[in-house]
Structure formats: structure tokens, C-alpha cells
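A.B. asks: Got a structure for you, written out below as C-alpha cells; questions coming shortly.
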């Protein structure tokens, strides 16, 4: 049936590559002056868009598409930072991406976007259908089921939207990959664009620690 759209893991790779190629800046703005380097950058009303597939149908990445990805990745990253602070963790050693979505995400591109914290890329992997695997274990192993039940009772719910510090983390995470956090592990594998002055994105200013 041909190409009809972009899947979730695909849009992550596309936007990350647009950033690495200099099509968008770290504020997520599609750069119209990059049109001199590529005919794929076109005017789209008062902003610009990137033509990903020039065919039937034409598929392009609009400024609104990029903003939607920024909002989603900022929320996820801010949540991860809150958990890290909760446990007094400054750096993560490994990351496991669960679910069908996680099974298809390229860890490198997720990190380039700032969807996940900085980590050795070799230590980013998929856990597959973790919920399904856990359910099977609970059904087939009584000892494991007792252990799972004990762990469930220790779960603490964190309302991220109202948690102290979430707004600051969210605003900082709107930048690609991040306004203040360093991505040293990532930079050993990927050549990131040179940082420029980051445009304020609103919200409260984050105090230096």
C-alpha cells in the first residue's frame, strides 16, 4: 500500500537526524536559511517544514510536529530526573526501554533528542513486553508471584505535574538534547552540533546548583 505516515519510533529518528544535520536548532526551530542547502526545506505558512517523502502522499515534518515531540520528550525526561533525584542518583548506568514502543526505539536517537538521560549507548536496550513477561512469571511461579506482590506494595505514586521541581526540569528539557544537563557519554559516540544561545522557553528560571 506504500508509505502512509510516520510511526512513533520513526519520528524520533527523523527529528534527531534533523537536529544533527542542522535543519533544526537546539530550540527545535526549523531553520529556513537551511533551505539553501536542501530543497526539502519549504515554507509552511509563517514557519518552515521538511519534506520527508516527496510522493503520493507527500509527507513532511512541520514545526508543530517538532514542538509536539519536544513537549513529549521533555515530560518524559523531567519524570526521569525526578526519579533520579528521589533516589539521589546523578548518573544512570543502564537504561531499559519497555513495551512495543521501546522495542523499536533506537537508543542513540532517543538520547540525541534528550528523551532519556545520558548513558553509555551500549547500555541502552529493549526489555521487550515487560508487562506480559511479568504476568507470565506471576502465573507460573508462586514464589515469584509472592515477590512481585511484595514489591507492588512498596510502589510510591509520584504526581509529576505537581511535584516540586518538575516545571524547571520540563522547561530545561524542551531544549535538544537539554538546556543544562551534559551528555558526555553521547558525545563520545555522536558529534553533536555546537551549542548556541538557547532562547528562553518560558517558566521559572532554574537556579544553578
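The values are calculated or read from the model by the stated rules, or taken from the named source; none is laboratory data. Quick caveat: nothing in here was measured; it's all calculated off a predicted structure. Positions of Cβ are backbone-derived with ideal geometry, glycine not excepted, and every protein chain shown enters the neighbour counts.
A.B. asks: Which residues, counting only those in the range 1-60, are at positive phi and touching a helix residue (DSSP H, G or I) at 6+ places or on another chain (Cβ under 8 Å)?
C.D. replies: Selection gives 22, 28.
A.B. asks: Still on this structure: Out of 103, 49, 39, I need the residue that is over 23 Å from residue 161 (Cα atoms) and assigned to a helix (DSSP H, G or I). Which one?
C.D. replies: 103 is the lone residue from the list that is over 23 Å from residue 161 (Cα atoms) and assigned to a helix (DSSP H, G or I).
A.B. asks: Would you mind stating whether residue 83 is more than 22 Å from residue 187 (Cβ to Cβ), at pLDDT below 95 and part of a helix (DSSP H, G or I)?
C.D. replies: Yes: the conditions hold for residue 83.
A.B. asks: Exactly one of (1) without any contact (Cβ under 8 Å) to a residue 24 or more places away in the chain; (2) within 23 Å of residue 125 (Cβ to Cβ) is unmet by residue 49. Its number?
C.D. replies: (2)
A.B. asks: How many of the residues in the range 44-60 are modelled with pLDDT of 90 or more and out of contact with any strand residue (DSSP E or B) (no Cβ under 8 Å at 6 or more places or on another chain)?
C.D. replies: Result for the range 44-60: 2.
A.B. asks: Identify, from the list 28, 88, the residue that is assigned to a loop (DSSP other than H, G, I, E, B), closer than 30 Å to residue 119 by Cα and at pLDDT 95 or above.
C.D. replies: Details: 88 fails: at pLDDT 95 or above.
Answer to the check: 28.
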